[in-house]
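Below is one structure, written out as structure tokens; the observations come after it.
The values are calculated or read from the model by the stated rules, or taken from the named source; none is laboratory data. Small disclaimer: the values here were computed from a predicted structure and weren't measured. Using ideal geometry, Cβ is built from the backbone for each residue, glycine included, and neighbour counts are taken over all protein chains shown. Ligands, DNA and RNA are stripped out before the accessible areas are found, and what is left, the full protein with its side chains, is counted by its heavy atoms. Shrake-Rupley method; radii C 1.70, N 1.55, O 1.52, S 1.80 Å.
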Amino acid sequence: AEKQPIVPATLTVVSQPAPNLAVAGAQPGLQQSGTSRGQIVAMLQTGTTVQQRVWAAQMLSTSDGWTNPDVMQALLRSARTDGDAGVRATCVRCVGRMNVCTLPVLSALQDLKSDRDPQVRAEVDTALRQLGNVGLPQMR
């Protein structure tokens, strides 16, 4: 009997976009969801449950933020205005992982350093560190 490697099912389901790659196929989350980007943005803004809005933020973060500025704007808007700290923190985390180091993104994150929730402020610090690490090479 031939031995087959054991691969946990979660490894085949979870996918993260490769940082700094603007490839058309680098949007597995949106493609697999069967939902349009506009519908997901709407869910992020108007979803009735925290879980819906967190899911929407995570799905949007699989987009290339450089070529989808509407996604970045939606994530930053929810990071500033959502009533739930967990959603705001998730949006900040997603922005940091998308590696879009632009003045509007950095400015929005700086503003979020004064969020009333410590979890959000911690995510802002992490995102700013991540973007600081990718910002200089991007400027070449």
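Remark: the range 58-63, residue by residue, has Karplus-estimated 3J(HN,Hα) of 5, 5, 5, 5, 7, 6 Hz, where x stands for each Gly or Pro and the curve is 6.51 cos²θ - 1.76 cosθ + 1.60 at θ = phi - 60°.
Peptides 119-130, 43-54 ordered by packing proxy, namely the average of other Cβ atoms within 10 Å per residue, highest first: 119-130, 43-54. Our coupling estimate for the range 92-105, obtained by passing each phi through the Karplus curve with A = 6.51, B = -1.76, C = 1.60 and θ = phi - 60°, is 4, 4, 5, 4, x, 6, 7, 6, 9, 9, 10, 4, x, 5 Hz, Gly and Pro reported as x.
Backbone phi angles across the range 116-130, fed through the Karplus curve with coefficients 6.51, -1.76 and 1.60 (θ = phi - 60°), yield HN-Hα couplings of 5, 9, x, 5, 5, 4, 5, 5, 4, 4, 5, 4, 5, 5, 4 Hz in residue order; Gly and Pro are listed as x.
By how many nm would the segment from Q110 to T126 grow when fully extended, if each residue of separation counts as 0.36 nm and the alpha-carbon distance is taken off?
Values: separation 16, 0.36 × 16 = 5.76 nm, distance 1.18 nm.
Result for the pair: 4.6 nm of gain on full extension.
Sort the range 46-133 into rounded, prolate or oblate with this rule: let a ≥ b ≥ c be the square roots of the eigenvalues of the Cα gyration tensor; rounded if a/c is under 1.5, and if a/c is not under 1.5, prolate when a/b is larger than b/c, oblate otherwise. In terms of gyration-tensor shape, oblate.
Amide hydrogen proximity for S61: with H placed 1.01 Å from N in the peptide plane, no residue at 5 or more positions away or on another chain lies under 5 Å.
Could you state the accessible area per residue of the range 33-140 in Å², with a 1.4 Å probe and every protein chain left in place?
Values: 5430 Å² over 108 residues.
For the range 33-140, the solvent-accessible area averages 50 Å² per residue.
On the beta carbon distance between Q73 and T49, with R0 = 30 Å, the FRET formula returns roughly 0.85.
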